[in-house]
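K.L.:
One structure is given below, represented as structure tokens, and several questions about it will come after.
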């Protein structure tokens, strides 16, 4: 890392990369006055990838370098003055990104379209990172953002105790982007009253007084409700329940479903001892 400079990390696949994800990550780095680090994971020559022919491993490494160079050029062209660095590291993509995230403010990856069954068998990079990163994770869909200036930031709250970190991130993001914020209380079927953190919400309203805040209550399956709302949002912010990969697949994690279905970028903000400090810096 460049001294004490804030860092945003974006994962680049050696086979290809998605320009909307790179540009979204670059924009996040700009609002934080941060460095953008583009990371590409390639197979190592030793176990467990030792059976990959050397020629194939070399080809993936060269492809990764080419994609990193192209992605960096695109980010610099879109945001002149942005500090963009690149790194190629050997190992599984999720492991490489976890190491890069050790001192990052945010990790950004592209969404994948694997089914829950395929993810349970082969794994998913966003899914593997969902509950294991020490910083927020952003998953960006492949489609170009709508660019609707009126689209709000939406933060989804439930009763799991993970709402504080999500609120901290969502208020800061709405403040930075000069967007309205919708605080959406998702109620399970049969429940007709929201039990959200009123005192915490009041504190954030006072801290971010220029953010226009609307509270809404929606009853039903949170996966369907939030997938629909993501079509009209600029950003969807969730808290993390902290389940492991297989248990989240088996029990139907809302976050794991949304990183496949969302129509806008999704940020999963993990609860931690210093939750507000893990949100974007207020500007």
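K.L.:
Arrange the following residues from fewest to most other Cβ atoms within 10 Å of their Cβ: 204, 171.
P.N.:
Neighbour counts put them in this order, fewest first: 204, 171.
K.L.:
What's the ranking of 131-138, 64-71, 80-87 by average number of surrounding C-beta atoms within 10 Å, highest first?
P.N.:
The densest-packed peptide leads the list: 131-138, 64-71, 80-87.
K.L.:
Kindly put 223, 62 in sequence by how many other C-beta atoms sit within 10 Å of each C-beta, fewest to most.
P.N.:
62, 223
K.L.:
Continuing with this model, one more query. What is segment 7-110's relative contact order, in percent, from Cα pairs under 8 angstrom and six or more apart in sequence?
P.N.:
Contact order relative to length: 43 percent.
K.L.:
If you rank 210, 7, 76 by fewest surrounding Cβ atoms within 10 Å, what's the result?
P.N.:
The fewest-first ordering by Cβ neighbours comes to 210, 76, 7.
Read the figures in this text as sums done on the coordinates, not as results from a lab. Source: prediction; values computed, not measured. Don't worry about glycine lacking a Cβ; one is built from the backbone with ideal geometry, like all the others, and counts go over all protein chains shown.
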